[in-house]
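Report on the following structure.
Just so it is clear, none of the values below were taken in a lab; they were calculated from the coordinates. Quick caveat: nothing in here was measured; it's all calculated off a predicted structure. All Cβ positions, even for glycine, are placed from backbone atoms using ideal geometry, and neighbour counts span all protein chains on display.
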Amino acid sequence: MPEIDAALVPAPPIPPREKHAPARRAFQGIPGVEITPSGRLWATWYAGGPTEGPENYVVLATSMDGGEHWEEVRAVDPPGQVRAFDPGLWIDPRGRLWWFWSQSYSRENGNINDGRSGVWVAVAPDADAPQWSPPRRIAHGVMMNKPTALSTGAWAFPTAVWANLGGFDAPPELKDERFSNLTETLDGGETFARAGSADIPFRCFDEHQIVERGDGRLWMLVRTFYGIGQSFSRDGGRTWSPGCDSLLGGPNSRFFIRRLASGNLLLINHRVDPEHPAARKDLTAKISTDDGKTWVGDLLLDARVDVSYPDGAQAKDGSLWVIYDHERYRGGNIFLAHFTEEDILAGSCVSPISRLRIPVSSYPFQ
């Protein structure tokens with residue numbers, strides 16, 4: 001078997017070993033969060049080695065007491081030169097918890113992307129000790145943001161095949177997939193196929209997300225070198241409009257957008273400092289009541305520099321949980337924020353449940 005094909009071998013979730021202990025890490029970040037119907041919080045991120053590279057593995061942690069205490073319960077750690085990275089969590093319309101991550105063959109010299117990679121998923125019912133399904137590879141490329149359940153019954157997974165980012169270019173047979181893709185399942189996760197692709201100029205690692213708007217159009221938002229680009233589809237993701245600037249701004253970093261139970265849209269993004277436009281700081285929450293045409297409220301979640309990569313989830317009571325990292329190469333901090341739409345609109349934490357900078361994981365670097 002060619003070395004690169006080692007990334008095609010499933011790496012099952014395992015209990016953490018001594019090598020996965022937080023004190024032995026030199027890097028961690030890029031988190032995801034979910035809260036199950038039972039109220040259990042789940043968080044995932046990746047760690048291992050001094051930076052992004054072949055020593056990376058994926059961590060899964062859980063909390064039963066509203067984020068006060070966390071236990072790391074599973075890891076995905078492929079052997080050899082295969083890295084596990086860009087994890088995420090999602091609860092599907094059937095109440096099942098999906099844990100997904102990417103695998104790629106990598107080398108120590110900075111080539112962290114083999115050009116093909118692959119999105120893997122394991123699924124479990126809502127339980128205190130979930131039994132995870134065997135991992136399945138559902139698409140080429142990477143996916144770090146949540147899927148979207150569409151009104152048609154399809155589930156849209158935002159996958160991407162990188163074009164010569166972080167290593168090798170995609171192989172010739174994948175030239176039609178070197179875009180921001182929509183991979184869909186029409187049968188509740190039994191089978192998957194790429195529906196279509198959007199081409200957003202100046203995109204950077206894609207990291208796209210998909211929103212279904214009230215008029216039936218799909219709205220794809222994509223990380224770009226200038227902020228956030230966008231594209232629209234009127235046919236369920238088969239074809240997409242030419243990419244353009246969404247005017248939402250940002251410092252070329254991951255953001256988070258999601259439809260809430262109220263019907264409003266939640267956006268977690270950075271305020272842009274004109275003097276330091278690339279600075280990842282001032283992570284804020286905003287609300288749109290008109291399908292993303294305008295945004296109101298401005299709740300500052302964390303004003304520090306090097307806060308980044310938010311992901312979010314909504315509890316049954318309507319409250320919001322947002323996870324993000326801070327100083328992933330120095331402090332390795334993972335934080336949560338717990339707040340409400342009322343807090344966003346007020347621009348401050350006015351509800352009794354609101355808490356900011358809830359620690360999930362951090363460690364002293366060795």
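Here is how the numbers come out for the structure above:
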quantity	calculated
Listed peptides 17-23, 145-151, 332-338 by packing density, highest first (mean Cβ within 10 Å)	332-338, 145-151, 17-23
Cβ-defined net charge surrounding ILE14, 14 Å radius [Lys, Arg +1; Asp, Glu -1]	0
Cα-projected label distance for LYS316 with ARG17, points at 7 Å along beta-carbon direction, nm	3.9 nm
Net dipole in debye of the chain [+1 Lys, Arg Cβ; -1 Asp, Glu Cβ; about Cα centre; nearest 20]	120 debye
Antiparallel bridge percentage (DSSP; both residues within region 1-144; nearest 5)	95 percent
Convex hull volume per residue for region 1-144, taking Cα atoms only, in Å³	103 Å³
Calculated [θ] (222 nm, deg cm²/dmol) that DSSP helices of n ≥ 4 give over the chain, each run adding -39,500 (n - 2.57)	-500 deg cm²/dmol
Proxy reagent accessibility, fewest Cβ within 10 Å first, across ILE112, ILE14	ILE14, ILE112
Ascending count of other beta-carbon atoms within 10 Å, so fewest first, for CYS204, CYS244	CYS244, CYS204
Correct choice for percent of Cα pairs over 35 Å apart that was computed from the model, options [x] 16; [y] 63; [z] 27	[x]
Lys/Arg +1, Asp/Glu -1 at C-beta; the chain dipole; positive extreme among TRP98, ALA21, PRO2	PRO2
Net charge dipole size for region 93-182 [Lys, Arg +1 and Asp, Glu -1 on Cβ; Debye, nearest 20]	160 debye
Mean Cβ neighbour count within 10 Å, used as a protection proxy, ranking 222-232, 267-277 highest first	222-232, 267-277
Neighbourhood net charge (12 Å Cβ-Cβ; Lys/Arg +1, Asp/Glu -1) for ARG96	-2
Cut-off 13 Å between beta-carbons: net charge of the residues surrounding PHE225, Lys and Arg +1, Asp and Glu -1	-1
Estimated inter-spin distance, ASP187 and GLU71, nm [label 7 Å along Cα→Cβ]	3.7 nm
Full-stretch length increase - ARG234, GLU3 - with 0.36 nm per residue and alpha-carbon distance subtracted	79.0 nm
Label-point separation in nm, ARG24 to LYS293, each point 7 Å along Cα→Cβ	5.6 nm
Region 216-233-region 40-84 distance, computed between alpha-carbon centres (Å)	29 Å
